[in-house]
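The values are calculated or read from the model by the stated rules, or taken from the named source; none is laboratory data. A quick note: this is a predicted structure, and the numbers were derived from the prediction, not measured. Positions of Cβ are generated from backbone atoms using ideal geometry, with glycine treated the same way; all protein chains shown enter the neighbour counts. The protein model used for the area step is the full one, side chains on, heavy atoms only, and it has no ligands, DNA or RNA in it. Shrake-Rupley method; radii C 1.70, N 1.55, O 1.52, S 1.80 Å.
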Amino acid sequence: GIEDPKYKSYFVANASTGLEKSDKFPEAIKDLTFTFGSNSSTSGFMMPSYFIKENTGKMPDEFFTKPVAFSGAHDKTALQVAQGNFQAGAMNYKTYDSMVAEGKLDPEVCRLIWVTPQYADYNFTAHPKLNEQFGEGFIDKLQAALISAEGAVAESAVNRSSFIKAENADFKGIEEVARATGELR
């Protein structure tokens, strides 16, 4: 999607922590109960872990003084932080923003405290064998069809306003982070 080359994660905290939004990494979270989303999530675990390491020199298991948890999903992270089950967490920005806009999350209770730098995230990937199976040029036709989907079609299918062409090189940064964090070997 058009939004995906500039994806980001949010670090959120329950209002009871007293933490406020800052441009600086919130080192005070190290002593809080903390939850990521799914351990297989780029925006809910891998990239937040990377940015924790970039800012502290430590991976989450070394940085936090209490064991971290995994809520299983971005919306669950937000709700568990809002309910006080965890004092802080990391999640993708689209879920947080949508929940706030829909009135499902009070930003005064589940506060946005830090926004990560941007990174490329989601994409549709087509295996080269599709051309063998469906004929030469099939992948190009598939890509053209996806890119032409706009508005309601893109929005309802995958929550994107429109699609853009992506190249493998766009995701080199995520590949490097995945290797650095041990998520990709």
### Query
Taking the condition open to solvent by 40 Å² or more (accessible area, probe 1.4 Å), under 18 Å from Gly1 (Cβ atoms) and not small (Gly, Ala, Ser), does Thr95 pass?
no
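Filter segment 48-67 for residues that are among the aromatic types (Phe, Trp, Tyr) and outside any loop (DSSP other than H, G, I, E, B); which is most open to solvent (accessible area, probe 1.4 Å)?
Tyr50
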### Message
Within segment 39-47, does at least one residue satisfy the condition of being surrounded by fewer than 16 Cβ atoms within 10 Å (Cβ to Cβ) and modelled with pLDDT under 95?
### Response
yes
### Message
Out of the residues in segment 119-151 meeting the condition of being open to solvent by 80 Å² or more (accessible area, probe 1.4 Å) and within 26 Å of the chain's Cα centre (by Cα), tell me which one is nearest to Lys6 (Cα to Cα).
### Response
Tyr122
